[in-house]
Amino acid sequence: MTILTDVKKVLSVVGARPNFMKLAPVARALTARGVEHVVVHTGQHYDPDMSDAFFRDLCLPVPDHNLDVGSASHARQTAEIMARFEPVCASEQPDIVLVYGDVNSTVAAALVAAKTGVRVGHVEAGLRSRDRSMPEEINRIVTDHVADMLFAPSPDAVANLEAEGIPSERVHFVGNVMIDSLVAALPAAQALNAPARHGVEKRSYAVVTLHRPANVDNPDTLRELLDTLAVMSKDGPVLFPVHPRTRARIHDLGLDSAESGMLKLLEPIPYLEMLSLVVEADLVVTDSGGLQEETTWLGVPCVTVRPNTERPVTCTLGTNRLAPAHRDGILNAVRDARSNRTPTAPAIKHWDGKAAHRIAAALCEGARLV
Ligand code: UD1
């Protein structure tokens, strides 16, 4: 029996940048119901730009525990999170551990909880790229298969879980918590007027993020991507907040001076400022999961530099299209995206700012959400 009706204490585990936007609305929904909520930060992301700035923008309280694991290989980082989380989980004795998304912190905490008999809830369950060369795909599959409550953002995610034999009573179609955060933050983000701060005209510029190992760890690929951005910048400003992983690879290649003309390499940008830039962008080029969803909800054209996506609704119903990591493929997709911009943003079921309320209802009332 996996339905909980009497949750009094929830423990959430987060660690990396995209987790924080997913935690914020869930934290608010649990607090509104008077549920005790303990937050554990694994320390997978630790730079102030990658962590503290997001806690501030999302009005998240300081975590109750910080495991301070830092960076390491996948095996070491995952193992270190497990070793450090086990005693915290044992002493806090939550009714359920919630994990978010698909990062190493997600799978590590899910394994600890499941093996010590604590129920696991997975927020953003069921997404599949079917590409096992992505570390995130392994994390998603393992987490979903040890979870007791699976909170799916979209019907394709529900179908994936069903196809893998996960009992349907564990699966709740709640919608997308990233969109909850976006809906809540949009007025404050727009008030920032980040385009003006960056000296660009609304609807005249592209925002770029690239950090996946497949795109940035191979020197030839990274060089070609930077060349492509330089070509794009001949048509208008290209703002590229650079993830620390990407920054290190650019430095290794001696390409720190790739910035030229209207191609700007920036430090990582906090949540509200990034949202403010994305809302008014002409185009987004990315390999991030969250941006594929945010651009779809906002109706901003998006080119995702990947051969596949675990978020297919952003392509079938939204504004997203995939492009291979080479110059012509990206430039064709950019042209196509710009010329097919539609005046209204697509509507996707349960991407409505209320996903976290549905999660809280499932936890506290045993509501079945299909
Ligand atoms: C991780 C997630 C990825 C997510 C991304 C968002 C995994 C397997 N990957 O990738 O799914 O899309 O976060 O950002 O969990 N670094 C810093 N400062 C930090 C954090 C990282 O300098 O605060 C550098 C370190 O050199 C580190 C590298 O970035 O080795 C990679 O960090 P890591 O957390 O291992 O993976 P991400 O690429 O950030």
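The values are calculated or read from the model by the stated rules, or taken from the named source; none is laboratory data. Source: prediction; values computed, not measured. For neighbour counting, all protein chains shown are included, and Cβ atoms are generated from backbone atoms with ideal geometry for every residue, glycine included.
Can residue 283 be described as crowded, with 19+ Cβ neighbours inside 10 Å, more than 16 Å from the ligand (Cβ to nearest atom) and touching a residue at least 40 places away in the same chain (Cβ under 8 Å)? Here the answer is yes, as residue 283 does meet what is asked. Only one entry in 88, 146, 107, 112 is hydrophobic (A, V, I, L, M, F, W, C), out of contact with any helix residue (DSSP H, G or I) (no Cβ under 8 Å at 6 or more places or on another chain) and farther than 17 Å from residue 311 by Cα, namely 88.
Residues of region 331-370 that are among the β-branched types (Val, Ile, Thr) and within 19 Å of residue 180 (Cβ to Cβ): 348, 359. Taken over region 191-222, the residue count meeting the criterion of being without any contact (Cβ under 8 Å) to a residue 40 or more places away in the chain, buried (at least 19 other Cβ atoms within 10 Å of the Cβ) and under 18 Å from residue 288 (Cβ atoms) is 2. Of the residues examined, residue 299 is not one that is within 18 Å of residue 179 (Cα to Cα), surrounded by 19 or more Cβ atoms within 10 Å (Cβ to Cβ) and small (Gly, Ala, Ser). Summed over region 49-67, residues that are outside any strand (DSSP E or B), within 15 Å of the ligand (Cβ to nearest atom) and over 18 Å from the mean Cα position of the chain (by Cα) total 2.
Among the residues making up region 79-105, those that are away from the ligand (no atom under 15 Å from the Cβ), without any contact (Cβ under 8 Å) to a residue 60 or more places away in the chain and not aliphatic (A, V, I, L, M) are 84, 86, 87, 91.
Of all residues in region 29-52, those being more than 20 Å from residue 85 (Cα to Cα) and surrounded by 20 or more Cβ atoms within 10 Å (Cβ to Cβ) number 2. One residue stands out in region 237-266 among those that are under 25 Å from residue 18 (Cα atoms) and part of a helix (DSSP H, G or I): the one that is farthest from the ligand (Cβ to nearest atom), namely 250. Residues satisfying the criterion are present in region 94-101 (criterion: in a loop (DSSP other than H, G, I, E, B) and surrounded by fewer than 19 Cβ atoms within 10 Å (Cβ to Cβ)).
Where helices (runs of 4 or more DSSP H) fall wholly inside region 292-370, the ranges with 2 or more residues that are more than 29 Å from residue 203 (Cβ to Cβ) and at pLDDT below 95 are 355-365.
Figure legend. Inter-residue proximity from region 19-39: first residues more than 27 Å from residue 291 (Cβ to Cβ) and among the small types (Gly, Ala, Ser), second residues at pLDDT 95 or above and buried (at least 22 other Cβ atoms within 10 Å of the Cβ), beta-carbon distance below 9 Å, spacing 6+ or different chains. Indicated pairs: 32/360.
Do the conditions hold for residue 269, that is, is it under 16 Å from residue 213 (Cα atoms), of a type outside the set (Asp, Glu) and either within 15 Å of the ligand (Cβ to nearest atom) or assigned to a strand (DSSP E or B) (or both)? Answer is no for this residue.
Against the definition (small (Gly, Ala, Ser), within 16 Å of the ligand (Cβ to nearest atom) and within 17 Å of residue 330 (Cβ to Cβ)), how does residue 288 come out, yes or no? When the stated conditions are applied, residue 288 passes them. Taken together, 76, 33 contain a single residue that is within 12 Å of the ligand (Cβ to nearest atom), more than 22 Å from the chain's Cα centre (by Cα) and of a type outside the set (Phe, Trp, Tyr), which is 76. Do we find a residue being surrounded by fewer than 22 Cβ atoms within 10 Å (Cβ to Cβ), at pLDDT 95 or above and within 16 Å of the ligand (Cβ to nearest atom) anywhere in region 223-236? No; the residues of region 223-236 include none that is surrounded by fewer than 22 Cβ atoms within 10 Å (Cβ to Cβ), at pLDDT 95 or above and within 16 Å of the ligand (Cβ to nearest atom). In region 134-148, of all residues being surrounded by fewer than 24 Cβ atoms within 10 Å (Cβ to Cβ), touching a residue at least 24 places away in the same chain (Cβ under 8 Å) and more than 20 Å from residue 315 (Cβ to Cβ), the one that is nearest to the ligand (Cβ to nearest atom) corresponds to 135. Residues considered: 7, 26. Of these, the only one that is away from the ligand (no atom under 15 Å from the Cβ), in a helix (DSSP H, G or I) and either at pLDDT below 95 or buried (at least 22 other Cβ atoms within 10 Å of the Cβ) (or both) is 26.
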